Amino acid sequence: MPAKKTSAASKPTAPPARELLFGDLWEYDPAPESAPAFIDDRYPLFIGGEFTAPKSKRYFDSLSPRDESRLTRIADGGKADVDAAYAAATKAFPGWSAMPGAERGKYLFRIARLLQDRAREFAVAETLDGGKPIRESRDFDVPMAAAHFFYHAGWADKLAYLAPGRVPRPLGVAGQVIPWNFPLLMLAWKIAPALAAGNTVVLKPAETTSVTAMKFATILRDAELPPGVVNLVSGGRETGAAVVTHPGAAKVAFTGSTGVGKWIQHALAGTGRRLTLELGGKAANIIFDDAPLDQAVEGVINGIFFNQGHVCCAGSRLLVQESVAETVVRKLEIRMRSLRTGDPLDKNTDVGAINSQGQLEKIRELVRAGIDEGARIHQPACKLPERGWYFPPTLFSGVTMSQRVAREEIFGPVLSILTFRTPAEAVEKANNTAYGLSAGVWTDKGSRVFKIASELKAGVVWANTYNKFDPASPFGGYRESGFGREGGRKGMLEYLSLEAP
Amino acid sequence: MSLKITKTPKCYVGGAFIRSESGRVAPMRDAGGGFVANLPRCSRKDLRNAVEAAAGAGPGWAGRSGYNRGQILYRLAEMMESRAIELADSVAITGEAEDGRAEREVRAAIDRVVHFAGWTDKYEAVLGSVNPVAGRYFNFTVHEPMGVVGVIAPDDAPLLGLLTLLLPAITGGNTVVALASEAAPYPAILLGEMLAVSDIPGGVVNLLTGGRGELLPAFAKHRHIRALAAAASAGESATLGQGASESVKRVVARDPGADWFSDRFDSPYAIGDLLEAKTVWHPVGA
């Protein structure tokens, strides 16, 4: 009896699943989310528990990426405003840090609950302000922000269990600057652990996405959080520089680009202030030939098109084993055709608006570079809205390691596909970057998952999944993706000093 | 009367004893000002060579089990114990310290080596975690070495201070390039001889002597050095931090005037400062 052939090539191939192509046969009906967002005409600063007009007397327009309309006006905090915020936070610190942890925790629990109560309102505001699909702000950003407050609330009276053999002490005032890609969620990541640990906060939201941060001030007010414990100073680059370099800060936490992160590290050198940086990434998502390909394709799509690719841990480099590369690219192309790009307020939208004109220009420039450098571009035919900032989901195949689309963070819905032959080559290519935030690996073989996961130089590794987050799960990068972790026990320790008993 | 054979002090790099490639030396004098020996004045090129040796030794050292690293570190304590008197003499040679301080420093140094030898297979149990995420995932955080760590030793307690900064790094699986105290470099020369016979593979610890002012910026800016553990003044910390920012290098700065004898330095959190935390998500399913 002849030996049974086991090679993959000899497997009977199932007929390919039939693809349903409707083309332009039927239009989708619009399905806009209609809940009101209650956005004020303008937002002052929030300092010492009060909405405070900026001493700078300046406001700037906040535009909605979905149609470029003016959404509101945001206060442009100046140096004097940042000073006032630090003064309020410094004044609030002794009382807040001396408060029994259980009481501090109750405030955080309240905040979590109040945010859940107004979740839909915040989701709509987030989408109007930032451009992300309502499906994501409603099902991910806002519930996850509430979850962060709920999780960290429980730590406030359990600090003694964080570090065996050491006594944790709060640091003082934390100066925090957050990015525009997950405005409310990043605020929660920053504020919740800082407060649970007993610190007070001066936070600057991103220039283009300040609305939910300023709305969050009303939640702080309703929760009766003591004045000065959280101070919100909106503004641009100069405001941010004033927040991170302020001598009143005992700790600085920044999420944003690697370039700005380096500037902050340079500015704080020798000051002895604690610093955590969560910076850029160029994550590799690795598909081996034994991976469940449909599942992997779904994960790759989620990995790069989640939030229009405005994600520091986006799986923006796909490394596919050569033997399945053609199949994977074909499947990705088919899957991409059914992504709906358009009005982020529409409940059926998968890919929303690009956050700003500037970011759209940056994406376009890098995509042009990809074409010029010889990569093959794949874009589905899709009608983009006439107003607003949009970019279609894009793949590049035949990418090589030296091309800009394989090296630079695009921060947009653009995936670069490279191939490899051996596991060693996959790891070598994945690690060949200055970044090290996240990575993905797709394979059916358990031992390989563990081996590859241990060899990837990245702070978060998703095995057979991608872009999963949880308040209990530490997040942060290796190398030029920054240092420090957010979430879990490790995240709490970033806001405490450990003293010998 | 037979003339004493004096030793030519050499730096320990890549498992070999080297002079500086620059050919430069600095005379070392005892407390009375008398000539003792010429020490290498290492250059930036020596630093680059040492980093190369440390990088080469990295994967092998990181790949050893905690149990194995622990036994090797304990072996270093054995090697130091048998030459404790000589080590104490080396500490005392340049200083005017009170009686018995050099002996106490050597004792404390050996004890610290033993302390960290015991951490190699335990720190993960203190620092790592299984994270209870809301979903069907097995999620855990483990720690990995950063790679090459630069160590800048203090002048005060030149042996104990050097080891206090160096031990957490190698306990966690990093490899080290260290700059010995400029004022009291001789204990580092002897330590190199003990490292060489301690089963610690060549390249895991590399010890340079030379000028702080000259070498600090080079330590700060070398991109392959992923972290610095430094006894540094505020001004030196600024130099290190500014150079480090070019490649987002981690900087652990300690007060050079710290009480190096304090047992607060016996801590797994010092190991954790020089490790990267990696969180891995595995779906749970059929």
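Some notes on this structure:
- Which of B:Pro283, B:Gly243, B:Pro217, positive extreme of dipole for segment B:128-286 (C-beta unit charges): B:Pro283
- Segment B:150-186 and segment A:207-255: distance between their alpha carbon centers, rounded to Å: 40
- Size-normalised alpha-carbon gyration radius of segment B:1-73, reference 2.2 N^0.38 Å: 1.53
- Taking 20 °C and 1.002 mPa s as conditions, segment A:359-501 diffuses translationally at an estimated 122 µm²/s according to Stokes-Einstein applied to its Kirkwood radius (Cα pairs).
- With K and R counted +1 and D and E -1, the other residues having a Cβ less than 11 Å from that of A:Leu366 yield a net charge of -1.
- Sequentially through segment B:45-50, phi angles give Karplus couplings (6.51, -1.76, 1.60; θ = phi - 60°) of 5, 4, 4, 4, 4, 5 Hz, Gly and Pro residues having no value and appearing as x.
- Computed E for B:Ala134/B:Glu78 - FRET, C-beta separation, R0 56 angstrom, nearest 0.05: 0.65
- Helical runs assigned H by DSSP (4 residues or longer) give chain A a calculated mean residue ellipticity at 222 nm of -11000 deg cm²/dmol, each run adding -39500 (n - 2.57) before division by the residue total.
- Note, ³J(HN,Hα) from phi for segment A:173-178, Karplus 6.51, -1.76, 1.60, rounded to Hz, x at Gly and Pro: 8, 9, x, 10, 10, 10
- Dimensionless Rg over Rh [chain B; C-alpha; Kirkwood]: 1.00
- Working from label points 7 Å from Cα in the Cα-to-Cβ sense, the B:Arg107 to A:Asp40 distance is 6.7 nm.
- Working from Cα pairs under 8 Å separated by at least six residues, relative contact order for segment A:252-397 is 18 percent.
- Taking amide H as placed 1.01 Å from N in the peptide plane, A:Phe420 has its amide H under 5 Å from the amide H of A:Val320, A:Gln321, A:Glu322, each at least 5 places away in sequence or on another chain.
- Sum of side-chain charges, B:Pro268 neighbourhood, beta-carbon under 11 Å (Lys, Arg +1; Asp, Glu -1): -1
- Cut-off 13 Å (backbone N to label point 7 Å along Cα→Cβ of B:Val114), residues of segment B:66-108: B:74-82, B:107-108
- Segment B:99-116-segment A:438-491 distance, computed between alpha-carbon centres (Å): 40
- Environment charge of B:Ala227, counting only residues whose C-beta is closer than 15 Å and scoring Lys/Arg +1, Asp/Glu -1: +3
- Peptide A:368-377 shows a mean partner chain C-beta count of 0 within 10 Å per residue C-beta.
- Helical mean residue ellipticity (222 nm; -39500 (n - 2.57) per DSSP H run of 4+; nearest 500) of chain B: -13000 deg cm²/dmol
- Solution diffusion estimate, µm²/s, Stokes-Einstein, segment A:34-106, Kirkwood Rh from C-alpha pairs, 10 °C, viscosity 1.306 mPa s: 108
- Ordering A:130-137, B:69-76, A:226-233 by mean Cβ neighbour count within 10 Å, with the highest value first, yields A:130-137, A:226-233, B:69-76.
- Sorted largest first, the spans of the alpha carbon positions of the protein assembly as shown along the three principal axes are 108, 83, 45 Å.
- Whole-Hz couplings from phi, Karplus 6.51/-1.76/1.60, listed for segment A:382-394; x for Gly and Pro: 8, 8, 9, x, 6, 9, x, 10, 9, 9, x, x, 9
- Convex hull volume per residue in cubic angstrom - Cα atoms of segment B:215-267: 80
- Residues of type lysines that A:Lys347 reaches as a straight line, Cα spacing below 24 Å, ignoring anything fewer than 8 places off in the same chain: A:Lys132, A:Lys215, A:Lys383, A:Lys468
- Separation in nanometres of the label points that stand 7 Å from Cα toward Cβ, at A:Arg113 and B:Ser2: 8.8
- Stretching the chain fully between A:Ala53 and A:Asn348 yields a gain of 102.3 nm (0.36 nm per residue, less the alpha carbon separation).
- Most simply put, the protein assembly as shown has about 40% antiparallel DSSP beta bridges, counting only bridges with both residues inside it.
- Average partner coverage of B:251-260, which counts Cβ from other chains inside 10 Å: 1
- Note on A:Arg221 and B:Ala26: with the Förster distance fixed at 60 Å, the Cβ-Cβ geometry gives a FRET efficiency of about 0.40.
- Put simply, when A:354-361, A:142-149 are sorted by average Cβ atoms within 10 angstrom per residue, most first, you get A:142-149, A:354-361.
- A simple spin-label model places pseudo-atoms 7 Å from Cα toward Cβ; at A:Ala434 and A:Lys158 they are separated by 4.0 nm.
- Cα pair distances exceeding 26 angstrom across segment A:281-463, given as percent: 25
- Between B:Val151 and B:Val177, B:Ala178, B:Leu179, B:Ala229, the built amide H atoms are under 5 Å apart, and every one of these is 5 or more places off in sequence or on another chain.
- Counting only other chain Cβ atoms within 10 Å of each residue's Cβ, the peptide B:132-144 averages 5.
- Backbone amide hydrogens, once placed in the peptide plane, bring A:Thr52 within less than 5 Å of A:Leu45, A:Phe46, A:Ile47, excluding anything fewer than 5 places away on its chain.
- Working note: Cα atoms of segment A:205-326, range along each principal axis, descending, whole Å: 59, 40, 21.
- Peptides ranked, highest mean first, by Cβ atoms within 10 Å: ranges A:271-284, A:63-76: A:271-284, A:63-76
- On the beta carbon distance between B:Ser233 and B:Asp259, with R0 = 22 Å, the FRET formula returns roughly 0.85.
- Full-extension gain in nm, A:His266 to A:Arg337, via 0.36 nm per residue minus C-alpha separation: 21.0 nm
- Projected area, mean over directions - segment B:182-286, Cα convex hull, nm²: 10.5
No lab work stands behind these numbers, since they all come straight from the coordinates. From a predicted model like this one, the values you see are computed outputs, not experimental measurements. Note: ideal-geometry Cβ built from the backbone for every residue, glycine included; neighbour counts use all protein chains shown.
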